[in-house]
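Take a look at the structure below.
Any read-out appearing in this document is the output of simple, stated calculations on the displayed coordinates, not a laboratory observation. Bear in mind the structure is a predicted one, so any value in this text is a computation, not a measurement. Reconstructed Cβ throughout: ideal geometry from the backbone, glycine too, with neighbour counts over all protein chains shown.
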Amino acid sequence: MSENTLQALTSRAHGSSNSRRLRLAGSIPGVIYGEGVTPVPVAVNAKAFRTAVSGEQGLNSLITLDADGTSYTVMAREIQRHPVRGTVAHIDFQVVDPNRPVVAEVPLHLIGDAVEVRHADWEVDQQMFSIELRARPDRIPNFIEVDISGLSVGAAIRVSDLVLPEGVEATGDVTVSVVATHAGRAAKAVVVPDAPSE
């Protein structure tokens, strides 16, 4: 896992008006928090933050946050966005230990072709698009592949069926369906025979 360095200022003023001024100046207000860490209000450059999380790991990237001379190893957690523009309005940076597991959300990518399902005029229904995993920061995968090649009519792929890398485990209910199948329009069509003439 690549690690990025991001400069942060700890001298930002509080209040919504000051936060607006920071955003207009190209910065994003945020806070550093974590176990045994007193919360530290900070501001980071918006462009530099986008660069730091633009790699394959996205928001699961490990970041070295240099806050006015104090270094923190963090991951960007709660991201608040502007309701209209969609721009990042606030970031919570969680201090993490690179040697201890953290919980991260990872996208799910379907691969393969469910030939049996398709030939029966049934459809593949992806019900989960991301999954929460627990792993050390350097073991967090960029995504999890879900192979639907062996999927049969009426069957499902559950969280417990996923092939996870070593040292990675799912945090939620492993019986939840990731992919299901259901009858398509052609399979649902029922031919009603003509009534016999009297």
Can you run down the residue pairs with Cβ atoms below 8 Å, 6 or more apart or on separate chains, where the first is in segment 152-165 and surrounded by 13 or more Cβ atoms within 10 Å (Cβ to Cβ) and the partner is among the aliphatic types (A, V, I, L, M) and part of a loop (DSSP other than H, G, I, E, B)?
V153/A120; I157/I148; I157/L151; R158/V174; R158/V176; V159/M128; V159/V174; V159/V176
Report, by residue number, each residue of segment 146-171 that is of a type in the set (D, E), part of a strand (DSSP E or B) and either farther than 24 Å from A120 by Cβ or in contact with a helix residue (DSSP H, G or I) (Cβ under 6 Å, 6 or more places away or on another chain) (or both).
E169
What are the pairs with Cβ atoms under 6 angstrom where one residue, in segment 30-57, is hydroxyl-bearing (S, T, Y) and the other, located anywhere, is loosely packed, with under 13 Cβ neighbours inside 10 Å and part of a strand (DSSP E or B)? Sequence gap at least six, or different chains.
Y33/P39
Restricting to segment 87-97, name every residue that is over 15 Å from S27 (Cβ atoms), within 19 Å of the chain's Cα centre (by Cα) and either outside any strand (DSSP E or B) or of a type in the set (F, W, Y) (or both).
V96
Matching residues in segment 94-133 (touching a residue at least 60 places away in the same chain (Cβ under 8 Å), farther than 30 Å from P41 by Cβ and touching a helix residue (DSSP H, G or I) at 6+ places or on another chain (Cβ under 9 Å)) number 4
I need the full set of residues from segment 50-66 which are under 16 Å from I32 (Cα atoms) and over 17 Å from the mean Cα position of the chain (by Cα), in order please.
T64, L65, D66
